[in-house]
Amino acid sequence: MIKIEEITFQETFPVRHPVLRAGKPIESSHFDGDELDSTKHFGIFIDNILVGVTSLFMQHHSFFDHQTQMQMRGMAILDSYQKQGLGEKLLVTCEDYLKKEKNALLWFNARAKAVPFYEKLGYQIIGNSFEIGDIGTHYVMYKQL
Ligand SMILES: CC(C)(COP(=O)(O)OP(=O)(O)OC[C@H]1O[C@@H](n2cnc3c(N)ncnc32)[C@H](O)[C@@H]1OP(=O)(O)O)[C@@H](O)C(=O)NCCC(=O)NCCS
């Protein structure tokens, strides 16, 4: 059985760490703003096992002037559960959460490897590529909801 629930930021670490921060200290799985009330964390469970996470941060980007805009960070599905439609389900949950507001926009810094996944789900690149530390090339992507 698949379910998606709000979780705490600490609960994201067992998925964020192996998928997004492999080989780095566990503390690198903590993001600035994780503990704010305005930040929302979602987990996707299969038979009560957490297999994917993502988080929404109240963060404006200078590219956009929408009053309601959130940045998604830490989208990760455990390796053996990828390409089974779970990432899509998590992203749709984030969209539904934001759609409660009028004229909302969802944006994020997408790893180059994940761009085709987001494009499939209707997200667009804006601006030029840029590098984030030792993680690699990223693009800002967004969707008006
Ligand atoms: C990127 C990620 C979140 C996608 O989640 P997922 O559960 O594997 O993706 P889904 O199965 O929901 O894919 C939805 C659609 O996108 C496609 N897709 C998924 N990843 C893709 C990729 N890297 N390239 C091309 N298409 C991709 C799927 O084939 C599927 O298409 P379909 O509906 O035509 O079959 C997941 O693979 C992941 O955690 N990757 C490693 C970490 C990462 O890159 N996170 C994103 C950081 S910005």
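Numbers at a glance
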read-out: Antiparallel content of DSSP bridges confined to region 1-94, in %, to 5; value: 100 percent
read-out: Solvent-accessible surface (1.4 angstrom probe) belonging to residue 89, in square angstrom, nearest 10; value: 90 Å²
read-out: Within the accessible area of the chain (1.4 Å probe), percent carbon and sulfur; value: 50 percent
read-out: Net charge of Cβ neighbours under 12 Å - reference residue 109; Lys, Arg +1; Asp, Glu -1; value: +1
read-out: Spatial separation of Cα centroids for region 88-145 and region 28-60, in angstrom; value: 15 Å
read-out: Cβ-based net charge around residue 144, under 13 Å, with every Lys or Arg adding one and every Asp or Glu removing one; value: 0
read-out: Overall Cα dimensions of region 3-145, principal axis frame, Å, largest first; value: 37, 34, 30
read-out: Environment charge at residue 18 (Cβ cut-off 13 Å; Lys +1, Arg +1, Asp -1, Glu -1); value: +2
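The values are calculated or read from the model by the stated rules, or taken from the named source; none is laboratory data. None of these values were measured; they are calculated from a predicted model. Positions of Cβ are backbone-derived with ideal geometry, glycine not excepted, and every protein chain shown enters the neighbour counts. In case anyone asks, the SASA skips ligands and DNA or RNA and just uses the protein heavy atoms, side chains included. Shrake-Rupley method; radii C 1.70, N 1.55, O 1.52, S 1.80 Å.
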